[in-house]
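Notes follow once the structure below has been shown.
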């Protein structure tokens, strides 16, 4: 599917969880990326996933590299380490649709995907659980010496050498 100009029409961008749990909507278009289809096809519980694939009607879209890079940059800025390449592409697709005049809605149970969608001001349809409602930024901290640093990127404490952990540093419902 090529990304044509939209006029505010809804487009649902489906994560693997949306396909597995059979998300369907009578309004709007449903899209995903090849990596999400691969997650569904080749993940665990193969029989259940195979049944989900038969029902999937989402069109496969490849995001522009420009949008993939935007998501990767923002991911590093906020310390959101839980994103796979498939997740990054999913968010990039939503950004590209948004820039082309569509109303993108990401359908996902993944908290990291939901957080990035909120950061980019993209609507989220939460499935399975109630999801998140606030944007989260992550900060590094040392559980040993209590050092607190910048955006979480993993690694070791610069003071004592212990493995760094992360915690939310700020959130907002904006």
- Rough spin-label spacing in nm, given labels placed 7 Å along Cα→Cβ, for residue 151 and residue 134: 2.1
- Subtract the Cα-Cα distance of residue 123 and residue 81 from 0.36 nm times their separation in residues, and report this length gain in nm to one decimal. 13.0 nm
- residue 74 versus residue 163: modelled label distance in nm, points set 7 Å from Cα along the beta carbon direction: 3.0
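All of the numbers you see were taken from the coordinates with simple rules; none came from a lab. Quick caveat: nothing in here was measured; it's all calculated off a predicted structure. A quick note on method: Cβ atoms are made from the backbone with ideal geometry, for glycine too, and the neighbour counts reach across all protein chains shown.
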